[in-house]
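Below: the structure, in structure tokens.
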Amino acid sequence: MAAAATRITQLMVAKPCISASHQSSRSSIACFGNETKGASWTKLRSSTFLSATQTFYKNCHSNASKSERHTVKAMAAGGDKQALPGLPIDLRGAEILVGTWVPALNIFETSLRRGKFDESRLLPDGSLMEITKVYPLDAVFDSPEDVPENEVAESVKQDFGSIDILVHSLANGPEVTKPLLETSRNGYLAAISASSYSFVSLLKHFLPIINPGGATISLTYIASERIIPGYGGGMSSAKAALESDTQVLAFEAGRKHGVRVNTISAGSRAAKAIGFIDMMINYSLENAPLQKELTADEVGNTAAFLSSPLASAITGAVVYVDNGLNAMGVGVDSPVFRDLDIPRAPKN
């Protein structure tokens, strides 16, 4: 489920660093967020094929008439540095920047120093994902026009010059536990402002420093198009707006700067604020086509793919990472289906 009561924004940032030996500019990963429990933003890595802190290389050609190509390498599990044929993804060496909600900044930095995020920062080779810099970032003010993403964008520009990948993972619904019929105007607009408009504003201010061929990703949830009782406070409307904006922004950013815009619809434990997340997880296990646990790594693998040249022709898409639950029209765990011969995963 999508985060409903936490403010998180992430960036994948490119820090040009010309290497005489490789003639390449090194991109760095920067994550803007403030999640203090679980640190899901650290999961943009793979325990199998893709590694989130692998460096993202962009070939630099001396001949200006030739178009630039992105070259990446896929990594095998266990830190094997042998490139996998046909899957050119390599993001090793990327630097990570984190922007976190201002009131939670001290908590985040303290938790980071004390190692509370170490488990989720663990990489396949046993090392920890390092964070280069933490920026203060806010996205909820009296009116949407007051959101100062331009300040952090300018700071990143001064520090790193340009970026390749922008990840928006910010959502907040102050009245998420209220049914929509009981949601106030302020609560509804706050959900839209923090969860949807913040992406529009963030992309607006960062687009000038995103390199052509770059990618942006946001996180959405199936409540945007299906009824999820309990996911209230205008959050379902905010996610619907986010997905609609993804399509429009894909056109505008694509035509203006050659930048791709996609969103991932996934399940996670981030929406504990709705109060029955464990029941929703159990429902998914019983009803999804794939009866297995959905891991953050699987979401991270998809994000790594969408941000890489392997997805160079994909934009304006909602990509579902939910074991196929979005395709189901009924809950097959219902007693009304007890006499049907429905294939089920064997119980352990």
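The values are calculated or read from the model by the stated rules, or taken from the named source; none is laboratory data. Nothing here was measured: the structure is a model prediction, and the numbers come from that model. Please note: Cβ atoms are built from the backbone with ideal geometry, for glycine as well, and neighbour counts cover all protein chains shown. Just the protein is used for accessible areas: all its heavy atoms, side chains included, with ligands, DNA and RNA removed. Shrake-Rupley method; radii C 1.70, N 1.55, O 1.52, S 1.80 Å.
Leu203 - would you say it is in contact with a His (Cβ under 9 Å, 6 or more places away or on another chain) and in contact (Cβ under 8 Å) with a residue 12 or more places away in the chain? Yes: the conditions hold for Leu203. Of the residues making up the stretch 149-163, just one is under 18 Å from Phe199 (Cβ atoms) and among the small types (Gly, Ala, Ser), namely Ala153. For the stretch 117-130, a tally of residues being within 20 Å of Phe160 (Cβ to Cβ) and open to solvent by 30 Å² or more (accessible area, probe 1.4 Å) returns 1.
Of all the residues in the stretch 304-348, those that are open to solvent by 60 Å² or more (accessible area, probe 1.4 Å) and part of a loop (DSSP other than H, G, I, E, B) number 15. Those residues that are part of a loop (DSSP other than H, G, I, E, B) and either modelled with pLDDT under 75 or surrounded by fewer than 14 Cβ atoms within 10 Å (Cβ to Cβ) (or both), I need them from the stretch 96-116; list them, please. If the condition is that a residue be part of a loop (DSSP other than H, G, I, E, B) and either modelled with pLDDT under 75 or surrounded by fewer than 14 Cβ atoms within 10 Å (Cβ to Cβ) (or both), then Arg114, Gly115 are the ones that fit. The listed residues are Ile228, Ile217, and the only one of them that is modelled with pLDDT of 95 or more and not in a helix (DSSP H, G or I) turns out to be Ile217.
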